[in-house]
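Engineer: Before we start, here is the structure in question, set down as structure tokens.
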Amino acid sequence: MAGGVTPATDVVVVGGGVIGTSSAYWLAKAGYEVVLLERRPAPGQLTTPNALGTIRTQFGTPSLVAMAQESAAFYRDIQAHLGVSHAEIGYANQGYVYLTPRPEDAPRIAESLAGYEALGVTSSVLLDQQEIERSYPFAGESVAGIFHGDGAWVNPAKIAAAWADASTGVSFRYGVDVHSITSDGSARDGASWTVATSEGPISAANVVVCAGPYSSAMLAPFGLDLPIKITPRYRAFIPDTDVDHAAAPLVINIVNGAYWRPVPGGVWLSHANVDDQEVEPGEKVTIPDGFLAEAIDLIEPVSPRLAATARAIDPADVVYAGGFQMYPADDVPIIGAVPGHDGLFMNCGHWAGVMLSPASGRLLADVVSGNVEGADNPCRVERFADGEASRSSTNKFGGWG
Ligand SMILES: Cc1cc2nc3c(=O)[nH]c(=O)nc-3n(C[C@H](O)[C@H](O)[C@H](O)COP(=O)(O)OP(=O)(O)OC[C@H]3O[C@@H](n4cnc5c(N)ncnc54)[C@H](O)[C@@H]3O)c2cc1C
């Protein structure tokens with residue numbers, strides 16, 4: 001920096017969650033000079049660390065399947081890509097198991113398996129009651145299910161840090177609040193964009209908005225009314241020494257979307273009711289009083305031992321977390337150029353941003369560099385106006401109902 005003035009850069013990335021850090025990584029790899037601005041003191045501090053960090057390839061939309069498969073392969077081989085071991089990021093490939101206590105769900109489960117296979121997701125097998133009793137001794141009255149071998153998880157708090165650590169050459173500036181993004185001619189060194197921040201203006205040829213739940217508001221001045229619903233989502237850590245639970249896959253009750261997965265020393269329990277109320281994003285989520293009791297009731301039919309443990313636990317030992325989930329109208333993230341504003345891009349609307357961060361950052365960098373254009377980008381915002389966007393019922397847990 002000369003004379004206190006920051007020289008113009010190729011790309012400013014706004015936001016250092018798992019999506020901003022992944023975008024910065026791929027942009028730097030593509031040869032861009034990148035400055036990442038994050039209001040918090042470190043990467044991955046808003047929505048990202050509150051996730052359950054689960055990874056899968058089962059989706060009902062071809063573009064999501066492709067992104068999920070690319071991302072799952074990246075995570076499997078993350079040591080070669082980012083130089084971190086599976087142990088360092090809490091990666092485990094214990095699978096996903098979707099269970100139901102209702103015999104009448106069996107045909108629907110078989111149908112969904114056929115749907116996944118038609119989209120090239122071949123790592124799933126149907127389970128009958130006998131198989132469930134043999135493989136999942138914690139599964140109570142479950143009578144049918146599906147096991148997904150690609151199912152895995154990572155520690156979400158560690159992923160954004162891993163992206164940042166591997167982003168050679170990126171200038172990460174923490175504690176910097178972005179106030180506005182403009183192309184009013186005030187940018188320096190021939191750049192088009194001025195990013196006004198708590199530490200002064202920064203000029204850039206390109207700006208990428210990765211501001212998580214704040215992205216819609218940040219992009220509204222550019223004529224975008226993004227169809228992204230923001231809804232609070234929570235998880236609870238339950239201390240648990242049950243060895244069957246520690247060895248379990250991610251377990252989902254397909255009747256109601258409640259789910260849990262093992263973590264060191266216990267489990268994380270959550271439920272994903274997609275019809276939750278829409279809220280304004282903020283810096284902190286308030287966990288509702290009844291969340292844990294509701295989650296326990298919802299998981300009990302497919303995991304009664306866990307429900308009993310959770311009910312018996314000293315409330316002081318339960319650790320809660322929560323964040324603002326982002327659901328685009330068709331569940332596909334919004335990645336690409338902002339129409340009519342050359343050099344302005346977005347990577348937002350992620351409800352599964354931890355699992356999809358490898359593919360979404362790569363796609364964003366390909367769009368910025370012009371390697372992917374127009375309809376070749378299934379995540380472009382124009383899909384809503386073109387009438388291409390449609391919601392699949394198999395995209396997330398609550399969508400099973
Ligand atoms: C309870 C829960 C469970 C979840 N489970 C999963 C799961 O199992 N698997 C999965 O893949 N995903 C899961 N998710 C979703 C996942 O957490 C998100 O998709 C992901 O974290 C989104 O990342 P992001 O970078 O877009 O947003 P964020 O992590 O919110 O990052 C955005 C960043 O932008 C910064 N920022 C915003 N405005 C400004 C500004 N003006 N100036 C400077 N900085 C700014 C913020 O401080 C923040 O750090 C879950 C989420 C929740 C809440």
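The values are calculated or read from the model by the stated rules, or taken from the named source; none is laboratory data. Note that this is a predicted model, so its numbers are computed, not measured. Note: ideal-geometry Cβ built from the backbone for every residue, glycine included; neighbour counts use all protein chains shown.
Engineer: Is at least one residue of the range 324-334 part of a helix (DSSP H, G or I), at negative phi and not assigned by TED's automatic domain parsing to the domain that holds Q45?
Structural biologist: no
Engineer: Go through (1) within 11 Å of the ligand (Cβ to nearest atom); (2) within 20 Å of the chain's Cα centre (by Cα); (3) on the phi < 0 side of the Ramachandran plot and name the single condition G349 misses.
Structural biologist: (3)
Engineer: Confirm whether E70 is over 23 Å from Y116 (Cβ atoms) and among the acidic types (D, E). Let's see the steps before the verdict.
Structural biologist: On the way: over 23 Å from Y116 (Cβ atoms): no; among the acidic types (D, E): yes.
So E70 does not fit the description; no.
Engineer: I've got another one for you. Quick check: is even one residue across the range 79-102 small (G, A, S), more than 10 Å from the ligand (Cβ to nearest atom) and within 19 Å of A365 (Cα to Cα)? Talk me through it step by step, then tell me what you get.
Structural biologist: First, the residues of the range 79-102 that are small (G, A, S): 80, 83, 85, 87, 90, 92, 95.
Those still in the list that are more than 10 Å from the ligand (Cβ to nearest atom) too: 80, 83, 85, 87, 90, 92, 95.
From what is left, the residues that are within 19 Å of A365 (Cα to Cα) are none.
No, there is no match, as no residue in the range 79-102 is small (G, A, S), more than 10 Å from the ligand (Cβ to nearest atom) and within 19 Å of A365 (Cα to Cα).
Engineer: Also, I was wondering about something else. Is it the case, given these coordinates, that A236 is among the aliphatic types (A, V, I, L, M) and surrounded by fewer than 20 Cβ atoms within 10 Å (Cβ to Cβ)? Quick ask: steps written out before the conclusion?
Structural biologist: Numbers: among the aliphatic types (A, V, I, L, M): yes; surrounded by fewer than 20 Cβ atoms within 10 Å (Cβ to Cβ): no.
No; evaluated as a whole, the condition is false for this residue.
Engineer: Then there is this: Would you kindly identify the strands (runs of 3 or more DSSP E) lying entirely within the range 8-108 that contain at least 3 residues that are surrounded by fewer than 17 Cβ atoms within 10 Å (Cβ to Cβ)?
Structural biologist: Of the strands (runs of 3 or more DSSP E) lying wholly inside the range 8-108, none has at least 3 residues that are surrounded by fewer than 17 Cβ atoms within 10 Å (Cβ to Cβ).
Engineer: Residue by residue through the range 203-218, note down the ones that are part of a strand (DSSP E or B) and within 11 Å of L344 (Cβ to Cβ).
Structural biologist: Result: A204, A205, N206, V207, V208, V209.
Engineer: Could you say which residue among P339, P288 is assigned to a loop (DSSP other than H, G, I, E, B), at pLDDT 95 or above and under 22 Å from G212 (Cβ atoms)?
Structural biologist: Matching residue, one of P339, P288: P339.
Engineer: Does the range 244-285 hold any residues that are buried (at least 24 other Cβ atoms within 10 Å of the Cβ), within 15 Å of the ligand (Cβ to nearest atom) and aliphatic (A, V, I, L, M), and which are they?
Structural biologist: Result: L250, V251, I252, A258, V267, L269.
Engineer: Could you list, ordered by first residue, the pairs with Cβ atoms under 6 Å in which the first is in the range 80-99 and free of Cβ contacts under 8 Å to residues at least 60 places away in the same chain and the second is surrounded by fewer than 19 Cβ atoms within 10 Å (Cβ to Cβ), at least 6 apart or interchain?
Structural biologist: Sorted first by the residue in the range 80-99, then by its partner, the pairs are S85/Q79.
Engineer: Then there's this: Give just the number: which of (1) buried (at least 21 other Cβ atoms within 10 Å of the Cβ); (2) more than 16 Å from Y234 (Cα to Cα) does T309 not satisfy?
Structural biologist: (1)
Engineer: Only residues in the range 44-60 that are within 28 Å of R173 (Cα to Cα) count as the first member; pair them with residues that are more than 6 Å from the ligand (Cβ to nearest atom) and part of a loop (DSSP other than H, G, I, E, B), Cβ under 7 angstrom, at least 6 apart or cross-chain, and list the lot.
Structural biologist: Once the first residue is within 28 Å of R173 (Cα to Cα) and sits in the range 44-60, its partners that are more than 6 Å from the ligand (Cβ to nearest atom) and part of a loop (DSSP other than H, G, I, E, B) give G53/V154; G53/N155.
This table checks each residue for (1) aromatic (F, W, Y); (2) more than 22 Å from the chain's Cα centre (by Cα); (3) more than 13 Å from the ligand (Cβ to nearest atom).
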{"position": "S192", "(1), (2), (3)": "no, yes, yes"}
{"position": "T197", "(1), (2), (3)": "no, yes, no"}
{"position": "P201", "(1), (2), (3)": "no, yes, yes"}
{"position": "F222", "(1), (2), (3)": "yes, yes, yes"}
{"position": "T231", "(1), (2), (3)": "no, no, no"}
{"position": "A236", "(1), (2), (3)": "no, no, no"}
{"position": "D242", "(1), (2), (3)": "no, yes, yes"}
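Engineer: Please state which one of G16, G44, G53 is touching an Asp or Glu at 6+ places or on another chain (Cβ under 8 Å), within 13 Å of the ligand (Cβ to nearest atom), at pLDDT 95 or above and not basic (K, R).
Structural biologist: Just a single option satisfies the conditions, and that option is G16.
Engineer: Next question, about the same structure. Residue by residue through the range 141-155, note down the ones that are more than 13 Å from Y96 (Cβ to Cβ) and modelled with pLDDT of 95 or more. Break it down stepwise before answering.
Structural biologist: Here is the first cut: in the range 141-155, the residues more than 13 Å from Y96 (Cβ to Cβ) are 141-144, 154-155.
S142, V143, A144, V154, N155, listed by residue number.
Conditions tested, residue by residue: (1) over 12 Å from I238 (Cα atoms); (2) in contact (Cβ under 8 Å) with a residue 24 or more places away in the chain.
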residue	(1), (2)
G282	yes, yes
D289	yes, no
D297	yes, no
R305	yes, yes
D314	no, no
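Engineer: Does T168 count as among the β-branched types (V, I, T), farther than 27 Å from L52 by Cβ and touching a helix residue (DSSP H, G or I) at 6+ places or on another chain (Cβ under 7 Å)?
Structural biologist: yes
Engineer: If you go through the range 282-326, how many residues are farther than 30 Å from R39 by Cβ and basic (K, R)?
Structural biologist: Total meeting the criteria: 2.
Engineer: Take the residues of the range 156-190 that are within 11 Å of the ligand (Cβ to nearest atom) and of a type in the set (A, V, I, L, M): which is surrounded by the most Cβ atoms within 10 Å (Cβ to Cβ)?
Structural biologist: In this case the residue turns out to be I159.
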